[in-house]
Amino acid sequence: MLEVNDLCAWYDESQALHGMEFNVGEGEVVSLLGRNGAGKSTTMKSIMGLVKKKTGRIRFCGKELLGLRSDLIAKSGLALCPEERAIFSTLTVSENLHLPPKLFAGGLSVDEVEDMFPNLKSRSQAGGGRLSGGEQQMLAIGRILRTGARFLMLDEPTEGLAPVIVQQIGEIIRTLRTKGYTILLVEQNFRFATTVCDRHYFVEHGKIIDMISNAALQANAQKVHRYLGV
């Protein structure tokens, strides 16, 4: 569904990606793992067209995305839930959920999002800035589900959240998978990633250094420790 080949990216004169190569099949949940600064978030931003200076190939459902504007990339069926969540703090939960346009058939209604995230339903008139970190993350995910995109990129969805909320986010990701969504996940919480993902790409210095299936992690424990220090 997504093929990334020899992707290089720069912030001004500083090169952040050095030939990223990976793919994600339809219906998979795949992670990009690595230490801080490895290039994981930059990869997602590059795919979404938010990093302007880049080379290589990014093919989504057979269509080349490199060089397209971000709005056109979104209209191809990709959605990004950014690390900073980017909800509108002065708008209510309901108003935040009514903002995204339905770009494809199958975009969830506000009622459907609230059924999936009961916390949001009970706080529909609360301002976005008054939500807990976990509620803000649920709102950020719920908002991209409104568009109808079937390929979701989640950047650090569990960062800074309490363990009980991390567990809820995991349940949400597993539910989305059963509904046919494809998910690319950037995550610092390795143990969380093992509960939701099929495969893991390990990123170091802006490139992929290894891919290990979830089933093979135990047999490759020494490698994982070397890559992540866990």
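The values are calculated or read from the model by the stated rules, or taken from the named source; none is laboratory data. Note that this is a predicted model, so its numbers are computed, not measured. Using ideal geometry, Cβ is built from the backbone for each residue, glycine included, and neighbour counts are taken over all protein chains shown. For accessibility, only protein heavy atoms count, side chains too; no ligands or nucleic acids. Shrake-Rupley method; radii C 1.70, N 1.55, O 1.52, S 1.80 Å.
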Next item on the list: Return P(r) of region 165-230 (all Cα-Cα pairs; 10 Å bins starting at 0; whole %; ordered from short to long distances).
Entry: 18, 52, 27, 3
Note to self: Beyond a 27 Å Cα-Cα separation, which of these cross-linked pairs lie in this structure: K52/K75; K63/K207; K53/K207; K40/K223; K52/K223?
What the structure shows: K52/K223
Next item on the list: Mind checking which of L17, M138, F202 is farthest towards the positive end of the chain's charge dipole, using Cβ charges of +1 (Lys, Arg) and -1 (Asp, Glu) about the Cα centre?
Entry: L17
Check: Which whole number in µm²/s is D for region 1-103 by Stokes-Einstein, with the Kirkwood Rh taken over Cα pairs at 4 °C and 1.567 mPa s?
Finding: 86 µm²/s
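Treat every Asp and Glu Cβ in region 1-86 as -1 and every Lys and Arg Cβ as +1, leave all other atoms uncharged, and give the resulting dipole magnitude about the Cα centre to the nearest 20 debye.
Numbers: 12 positive and 11 negative charges, 39 e Å.
Using only the charged Cβ atoms, the result is roughly 180 debye.
How big is the C-alpha Rg of the chain next to the rule-of-thumb value 2.2 N^0.38 Å, as a ratio? Working shown, then result.
On the way: Rg = 17.2 Å, N = 230, 2.2 N^0.38 = 17.4 Å.
Against the compact-globule rule of thumb, the ratio is 0.99.
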Notebook entry, point to check: Charges only on Cβ, +1 for Lys and Arg, -1 for Asp and Glu: so what's the dipole of the chain about the Cα centre, in debye to the nearest 20?
Noted result: 200 debye
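Roughly how many Å² is the accessible area per residue of region 123-230, as a whole number, for a 1.4 Å probe? All intermediate terms of the calculation are to be shown ahead of the outcome.
Details: 4550 Å² over 108 residues.
So region 123-230 comes to 42 Å² accessible per residue, rounded to a whole number.
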Notebook entry, point to check: Among rounded, prolate and oblate, which fits region 100-196 when a ≥ b ≥ c are the square roots of the eigenvalues of its C-alpha gyration tensor, a/c under 1.5 means rounded, and a/b larger than b/c means prolate?
Noted result: oblate
Check: Share of antiparallel DSSP beta bridges in the chain, in percent to the nearest 5?
Finding: 60 percent
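What is the percent carbon and sulfur in the accessible area of the chain, measuring with a 1.4 Å probe over the protein chains and ignoring ligands?
Details: 5190 of 10480 Å².
Carbon with sulfur: 50 percent of the solvent-accessible area.
Might you tell me the accessible area per residue for region 50-104, computed with a 1.4 Å probe and given in Å²? Working shown, then result.
On the way: 3030 Å² over 55 residues.
Computed with neighbouring chains in place, this is 55 Å² per residue.
Could you calculate the contour length gain from L228 to K121, that is, 0.36 nm times the residue separation minus the distance between their Cα atoms, to one decimal place in nm? Could you put the intermediate results ahead of the total?
Details: separation 107, 0.36 × 107 = 38.52 nm, distance 3.77 nm.
The L228-K121 span can extend by a further 34.8 nm.
Rounded, prolate or oblate for region 113-168? Axes are the square roots of the Cα gyration tensor eigenvalues, ordered a ≥ b ≥ c, and the cut-off for rounded is a/c under 1.5.
On the way: a/c = 1.70, a/b = 1.09, b/c = 1.56.
Oblate, because a/c is 1.5 or more while a/b does not exceed b/c.
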Notebook entry, point to check: Under a point-charge model restricted to the Cβ atoms of Lys and Arg (+1) and Asp and Glu (-1), what is the dipole moment magnitude of region 36-102 relative to its Cα centre, in debye to the nearest 20?
Noted result: 420 debye
